[in-house]
Amino acid sequence: MGTLSNKKKKLADIVIDEIKRMVNDGELKEGDRLPNQNDFSEQLGVSRPSLREALHTLTLMGVIEQKPGSGTILKSDKTELWNQYPAPPLLSDIEATLELIEARRELESLMIQLTVDRVTEQELRVIKKCIDNMKSQIESKDYISYMKEDVKFHYQLANASHNRYIIHMFVNIRSLMEKFMEETFSILPELYEDSYHIHVAIYEAVKVRDKQRAISEVRRHISHIEDGLKNHFASKG
């Protein structure tokens, strides 16, 4: 097996491509245990953080399962169902950016309906913890941690839909959103505080299982970002 040398792609994505190749070539089969992280990172020629990031993504996708004491198990060898990784649009690409926002709005509008119906009390507590953390991070102006908690909040909502395909699509969308979010908040820092309040409104609607209100708040949240970006594009016009 060769080392990974394509520097144009994010290393974690290259790791995922290599694991996919190993599956397609029969080197890994469903139910197999992956090498331990020290050996695997050395074998692939990448750092452990890059490997961990790739494994985390594959875990969210349901491709692998990481069990303490048992290692990492390949759960799915159907690589045609794995995420594809198109490059995330940058803010300079107006059309692609707005298409991504549109896709996110429609997906999360569908997702939140299932979440309202299926969320458990335990899941609500986890979502509320995200809200509490976001409040602390806003107050301390720790915006990097805030963005990570923002992603976690939306993932917990997706997880509470209890639909593996919704979660799969959500992870794909969010993986494209991460770089985009960094750029957005860097040019529109005022979105942070507004973002927090809308996240609270989404949580409150889910908590009382008000489906129409939850849909409305999700769409308001994403439209708020869209409007800020459209104004930014117009000012650069």
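Please verify whether residue 80 is farther than 30 Å from residue 211 by Cβ and either charged (D, E, K, R) or modelled with pLDDT of 85 or more (or both), treating the condition exactly as stated. I'd like the intermediate steps shown before the answer.
Numbers: farther than 30 Å from residue 211 by Cβ: yes; either charged (D, E, K, R) or modelled with pLDDT of 85 or more (or both): yes.
Spelling it out, residue 80 is indeed farther than 30 Å from residue 211 by Cβ and either charged (D, E, K, R) or modelled with pLDDT of 85 or more (or both).
Can you find, within the stretch 123-162, the residue that is surrounded by the most Cβ atoms within 10 Å (Cβ to Cβ) among those that are over 22 Å from residue 56 (Cβ atoms) and free of Cβ contacts under 8 Å to residues at least 40 places away in the same chain? Steps first, answer last, please.
If we filter the stretch 123-162 for residues that are over 22 Å from residue 56 (Cβ atoms), which is where we start, we get 124-125, 128, 131-132, 135-136, 138-141.
Adding the requirement that they be free of Cβ contacts under 8 Å to residues at least 40 places away in the same chain leaves 125, 132, 136, 139-141.
Values: 125: 9, 132: 10, 136: 12, 139: 9, 140: 10, 141: 9.
Residue satisfying both the conditions and the ranking: 136.
If residue 178 meets every condition in (1) open to solvent by 30 Å² or more (accessible area, probe 1.4 Å); (2) part of a helix (DSSP H, G or I); (3) at pLDDT 80 or above apart from one, which number is that one?
Of everything listed in (1) open to solvent by 30 Å² or more (accessible area, probe 1.4 Å); (2) part of a helix (DSSP H, G or I); (3) at pLDDT 80 or above, residue 178 misses just condition (3).
Would you pick out the residues in the stretch 22-40 that are closer than 21 Å to residue 79 by Cα and either under 23 Å from the mean Cα position of the chain (by Cα) or open to solvent by less than 40 Å² (accessible area, probe 1.4 Å) (or both)? I'd like the intermediate steps shown before the answer.
Kept after step one, since they are closer than 21 Å to residue 79 by Cα, are these residues of the stretch 22-40: 22-35, 40.
Once the filter is applied, which keeps residues that are closer than 21 Å to residue 79 by Cα and either under 23 Å from the mean Cα position of the chain (by Cα) or open to solvent by less than 40 Å² (accessible area, probe 1.4 Å) (or both), the stretch 22-40 yields 22, 23, 26, 28, 34, 40.
Going through the stretch 194-216 one residue at a time, which ones are without any contact (Cβ under 8 Å) to a residue 40 or more places away in the chain, assigned to a helix (DSSP H, G or I) and over 19 Å from the mean Cα position of the chain (by Cα)?
Restricting attention to the stretch 194-216, the residues satisfying the condition of being without any contact (Cβ under 8 Å) to a residue 40 or more places away in the chain are 194, 197-198, 201, 204, 208, 212-213, 216.
Pick out the ones that are also assigned to a helix (DSSP H, G or I) and you get 194, 197-198, 201, 204, 212-213, 216.
Within the stretch 194-216, 194, 197, 201, 204, 212, 213, 216 qualify.
Can you tell me which residue in the stretch 41-73 is nearest to residue 158 (Cα to Cα), limited to those that are among the hydroxyl-bearing types (Ser, Thr, Tyr), in contact with a strand residue (DSSP E or B) (Cβ under 8 Å, 6 or more places away or on another chain) and surrounded by 15 or more Cβ atoms within 10 Å (Cβ to Cβ)? Walk me through it before giving the result.
Within the stretch 41-73, the first condition is being among the hydroxyl-bearing types (Ser, Thr, Tyr), and the residues that meet it are 41, 47, 50, 57, 59, 70, 72.
Still in the running and in contact with a strand residue (DSSP E or B) (Cβ under 8 Å, 6 or more places away or on another chain): 59, 70, 72.
If we keep only those that are surrounded by 15 or more Cβ atoms within 10 Å (Cβ to Cβ) too, we end up with 59, 72.
Numbers: 59: 15, 72: 23 Å.
Once the filter is applied, the top-ranked residue is 59.
With the checklist (1) at pLDDT below 95; (2) within 17 Å of the chain's Cα centre (by Cα) in hand, flag the one item residue 226 doesn't pass.
Residue 226 satisfies all of (1) at pLDDT below 95; (2) within 17 Å of the chain's Cα centre (by Cα) except (2).
The values are calculated or read from the model by the stated rules, or taken from the named source; none is laboratory data. The model shown is predicted, which means the values in this text are computed figures rather than measured ones. Because the Cβ atoms are built from the backbone with ideal geometry, glycine has one as well, and the counts that use them run over all protein chains shown. Only protein heavy atoms, including side chains, enter the accessible area calculation; ligands, DNA and RNA are left aside. Shrake-Rupley method; radii C 1.70, N 1.55, O 1.52, S 1.80 Å.
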